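Shown next, in structure tokens, is the structure this report addresses.
Where a number appears in this text, it was derived from the coordinates with a stated rule and is not lab data. Not measured: the values here are computed from a predicted model. No Cβ is skipped: glycine too gets one built from the backbone with ideal geometry, and neighbour counts run over all protein chains shown.
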Amino acid sequence: MARSRRPLAVAASALALLAAGGLLGLHFFLVNHFTTAVRKYVAPELSRKLGADVSIGGASVNLLSGSLIVTGIAIANPPGFPEPAAFSLDRLKLDVGLRGLLTRIVAVSEARVDNAAATIVRNRDGDLNLVVMKKSMEKKPEGPVPPEPPPPAKKPEPRPPTSPDAAPAS
């Protein structure tokens, strides 16, 4: 009996070590590269959507509590407005739960904003900065629309087996 349990114990230990290594790797990424990833991917996408520069000071995530913290958020006014900043905040904390951090389904259970400031201003044409940003978000992307992916290729039908005795077809 003891011999039959040993391979199972070794497999379970190996699986536990792999899971622990994966968690350590994820923790290392979150500690060392999460802010860089947010600055590289999230801030430019927000800038494109809003039509104004967006900068992010830092970002962190806590898997145990399921919270996301973003610091030093600044959104500039779109071009043509006299004030440099439309919005800024020192710290934003979102409690989204572990599922929200690991999937694309995010339900914010609590949001905390520290030291936020918004500037609503008109340009020379009389447009409000927030209205211009809203219109920018509603715009369809410029440029060519990416083509739809081709339909899946048909699987080839299996060929009937040939026997080594069969004469070649002429």
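Simple point charges give the picture: +1 on the Cβ of Lys and Arg, -1 on the Cβ of Asp and Glu, and for the range 64-117 a dipole about the Cα centre of about 260 debye. Applying 0.36 nm per residue to the separation of ALA117 and GLU138 and subtracting their alpha-carbon distance, the gain on full extension is 5.2 nm. Computed extension length for GLU83-ASP95: 1.1 nm, one decimal, from 0.36 nm per residue of separation with the Cα-Cα distance subtracted.
Distance between the C-alpha centres of the range 36-50 and the range 77-141: 12 Å, rounded to the whole angstrom. Karplus-based coupling profile of the range 45-56, in residue order and whole Hz: 5, 5, 4, 5, 5, 7, x, 8, 5, 10, 10, 10, with θ = phi - 60° in 6.51 cos²θ - 1.76 cosθ + 1.60 and x standing for Gly or Pro.
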